[in-house]
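Shown next, in structure tokens, is the structure this report addresses.
The values are calculated or read from the model by the stated rules, or taken from the named source; none is laboratory data. These numbers were taken from a predicted model, which means no experiment stands behind them. Neighbour counts are summed over all protein chains in view; Cβ atoms, including those assigned to glycine, are modelled from backbone coordinates with ideal geometry.
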Amino acid sequence: MNKREFLKTSALLGAGLAAGVTRISSGATASGFSYFDTGLNQAGEYILPMLPYAYNALEPYIDEATIKLHHDIHHAGYVKGLNTATKKVAEALDSGDYSLIKHWEREMAFHGAGHFLHSLFWKNMGPNGGKRSEVLEKYIVKSFGNFDRFSALFKQATTAVEGSGWGILAYQPESDRLVVLQAEKHQNLTQWVTTPILVCDVWEHAYYLKYQNKRADYITAFMQVINWDSVSENLSKAIN
Ligand code: MN
């Protein structure tokens, strides 16, 4: 492939990716999988979801000034940062210049986790309390014994988060149970609320015998043995 053909193919691929983003976005909303209503705008950018209640709706438990500052300033900042990082990663894909990829991946994790977790957080709260479904109650009993035991664990674990972070109740598919987790500094280094479909272990034990300190050689080799059936299946499960 000469340079011209390469550029043409890249442009088509780029257009395909952009179209793909739109489809994925509407698909996620249609299946009801998305944790929040907003997703992406027409331009493919993340947007700040509306607060699902008035700023003062959670008084006196959470005060109006805190909610306003938290949603309008802090959460909006995450959205802006995530859009910048996403754009910079796309630019690296286009140009082939990955010299700043470590920085932008960190930024994307920090702002992405911030955006997704806050979007979930606003909807996890409400002025009317709501009611635990039978299914949720069943999973709480199965996982923790009863609601009071869950409640104590969640409170203790979340109080004990070192520095900045989150307390998280999550569904763990492997055990078909709920687990309580702590996220210390949510940027280390994931976008919580995303679903991994392909992972590469780069702990030294994964490659040191054969590749010693040549991690890049190991990753090149790893790319040759990826089972795309498995990755495809994981994607299907995640989007359904
Ligand atoms: Mn926050």
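Points to keep in mind about this one:
- Screening ILE67 on (1) assigned to a loop (DSSP other than H, G, I, E, B); (2) without any contact (Cβ under 8 Å) to a residue 24 or more places away in the chain; (3) within 16 Å of the ligand (Cβ to nearest atom) shows it passes everything except condition (1).
- The requirement of being among the hydroxyl-bearing types (Ser, Thr, Tyr), in contact with a Phe, Trp or Tyr (Cβ under 8 Å, 6 or more places away or on another chain) and either over 23 Å from LEU51 (Cβ atoms) or within 16 Å of the ligand (Cβ to nearest atom) (or both) is fulfilled somewhere in the stretch 105-121, by at least one residue.
- Helices (runs of 4 or more DSSP H) fully within the stretch 94-169 that include at least 3 residues being free of Cβ contacts under 8 Å to residues at least 12 places away in the same chain and under 20 Å from the mean Cα position of the chain (by Cα): 101-124.
- With respect to the conditions (1) within 14 Å of the ligand (Cβ to nearest atom); (2) out of contact with any Leu (no Cβ under 6 Å at 6 or more places or on another chain), LYS142 falls short on a single one, namely (1).
- Any chance THR29 is within 27 Å of LEU120 (Cα to Cα), modelled with pLDDT under 95, within 18 Å of the chain's Cα centre (by Cα) and not in a helix (DSSP H, G or I): no
- For the stretch 201-215, taking the residues that are at pLDDT below 80 and loosely packed, with under 11 Cβ neighbours inside 10 Å, the one that is farthest from PHE121 (Cα to Cα) is identified as HIS205.
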